[in-house]
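Encoded as structure tokens, the structure appears first; notes follow it.
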Amino acid sequence: MAHIVSTRPLIDEGLSGVRDDHTLTVCDPPDGSTRSVDDLIALTDGADVLLSVLADPITEELFAARPELQMVAQYAVGVDNIDLDAAAAHDVAVTHTPDVLTDATADQAWALLLAAARRVPAADRYVREGRFERWETTLLMGTELSRKTLGIVGMGRIGTAVARRALGFGMEVVYHNRTRANPTVERQVSARYVGLDELLKTSDVVSLHCPHNEDSHHLLDAAAFANMKASALLVNTARGPVVDEAALVDALANGEIAGAGLDVFEEEPDVHPGLVEQERVVLAPHLGSATTGTRTRMAQMCVASITALLEGADHVPHRLV
């Protein structure tokens, strides 16, 4: 019987697969936005498996302090918080939950896009504050999407799902990727490959779906915003640091772009105060995968990986290290 420590409460149904056969400790959320490495070391006393989230700093220090740790099962697609080289050096397996949140995140991107384009949060506040007295011809004018251009940065699974949804809105789709997508994918979503500069210049909506790395850090900076249409909207459901938030605030204030929908932030969970002040910005607390079905499947994927490792299976699903 192994000892599994989950750093956060997860959907209970998703963890049912390990409760009967192993000892499961589910920790309460931290008091602040995240835990320190020292906190995690204390929580993992005697743990064989750590079930982690993106906010947990999984470092060399943790692995060195807990040599009995066999596995880190990440409840997320991204593993930016995990030192994979250190995990390999300490012979600790690392798994994650890829592919399962594609549709949920694509839906979230469209929710933010529609909310920003049609000024839904401002309209909601207008009604709740009792200001709706009569229909007006110029009240809270928004942007229609039909016949507009959607520019997708990162045509992976989520970017492709976002492009597929654009077909129903009658939008033209252009995209930029480090490598060109499969021609079959291009045909299926009627997407045209362009350089980043052309995408920024021609798109009415720029939607980010690329990973965060050295090449993509602050990919959208002051120069990029200056290159966009003044009527354009930005949507980010990828990673916060892909956008230079200070430059975004300036671009919004100076009218270089018209608005934004953001699910992720550069210094998450902190949000640049200039974004909070902008009425044409829609903000969400990292809800890309936040549907009951998706979060349950993510937990089940973690359980499948944990079970395979603990039972000595030849193949551990979704293993990175």
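The values are calculated or read from the model by the stated rules, or taken from the named source; none is laboratory data. As the structure is a prediction and not an experimental result, all values here were calculated from the model. Virtual Cβ from ideal backbone geometry, glycine too; neighbours counted across all protein chains shown. Please note that ligands, DNA and RNA were not included when accessible areas were found on the heavy atoms of the full protein model with its side chains. Shrake-Rupley method; radii C 1.70, N 1.55, O 1.52, S 1.80 Å.
Just want to confirm a number: the relative contact order over the chain, from Cα pairs under 8 angstrom separated by 6+ residues, in percent. Relative contact order, the chain: 18 percent.
Applying both filters, DSSP loop and at most 15 other Cβ atoms within 10 Å, to the GluC sites (Glu not before Pro) of the stretch 39-74 gives Glu68. The modelled label-to-label distance for the pair His3/Asp21, using points 7 Å beyond Cα in the direction of Cβ, is 2.0 nm.
For Thr184 and Arg128, the FRET efficiency from 1/(1 + (r/R0)^6), where r spans their Cβ atoms and R0 equals 35 Å, is about 0.15. Computed from Cα atoms alone, the Kirkwood hydrodynamic radius reported for the stretch 185-259 is 12.8 Å. Across the stretch 45-166, the volume of the C-alpha convex hull divided among the residues equals 155 Å³ per residue.
What helices does the chain have that are whole DSSP H segments, at least 15 Å long along their own axis by Cα, and with mean Kyte-Doolittle hydropathy of -1.0 or more? Those that clear 15 Å and a mean of -1.0 are 102-117, 157-168, 292-310. Take the Cα radius of gyration of the chain and divide it by 2.2 N^0.38 Å, N being the number of residues; the result is 1.10.
With R₀ fixed at 41 Å, the C-beta to C-beta distance from Thr202 to Ile11 puts the FRET efficiency at about 0.50.
Stretched out straight at 0.36 nm per residue, the stretch from His315 to Leu114 would grow longer than its current Cα-Cα span by 68.2 nm. For the chain, adding -39500 (n - 2.57) for each run of n ≥ 4 DSSP H residues and dividing by the number of residues yields -10000 deg cm²/dmol at 222 nm.
In this rough spin-label picture, where each label sits 7 Å from Cα along the Cβ direction, the Val276-Glu144 distance is 3.7 nm.
Protection proxy ranking, highest mean first, for peptides 293-299, 309-315: 293-299, 309-315, where packing is the per-residue count of other beta-carbon atoms within 10 Å, averaged. Our estimate of slack between Thr291 and Val194, defined as 0.36 nm per intervening residue step minus the Cα-Cα distance, is 31.6 nm. Here the scattering of the stretch 282-321 is modelled by Debye summation over its C-alpha atoms, one equal scatterer each and no solvent; at q = 0.18, 0.20, 0.22 Å⁻¹ the log10 of I(q)/I(0) is -0.60, -0.67, -0.73.
Contact order for the stretch 202-308, expressed relative to its length and based on alpha carbon pairs under 8 Å spaced 6+ residues apart, stands at 23 percent.
For the stretch 115-189, the list of chymotrypsin sites (Phe, Trp or Tyr not before Pro) that fall in a loop by DSSP and count at most 11 other C-beta atoms within 10 angstrom reads Trp135. What FRET efficiency, computed as 1/(1 + (r/R0)^6) with R0 = 35 Å and r the Cβ-Cβ distance, is obtained for Thr137 and Ala222, rounded to the nearest 0.05? So, using R0 = 35 Å, E works out to roughly 0.45. In the context of the full set of protein chains, the chain has a per residue accessible area of 48 Å² (1.4 Å probe). Placing unit charges on each Cβ (+1 for Lys and Arg, -1 for Asp and Glu) gives the chain a dipole about its Cα centre, and among Leu114, Thr237, Val264 the Cα reaching farthest toward its positive end belongs to Leu114. Of all DSSP-defined beta bridges confined to the chain, some 5% are antiparallel rather than parallel.
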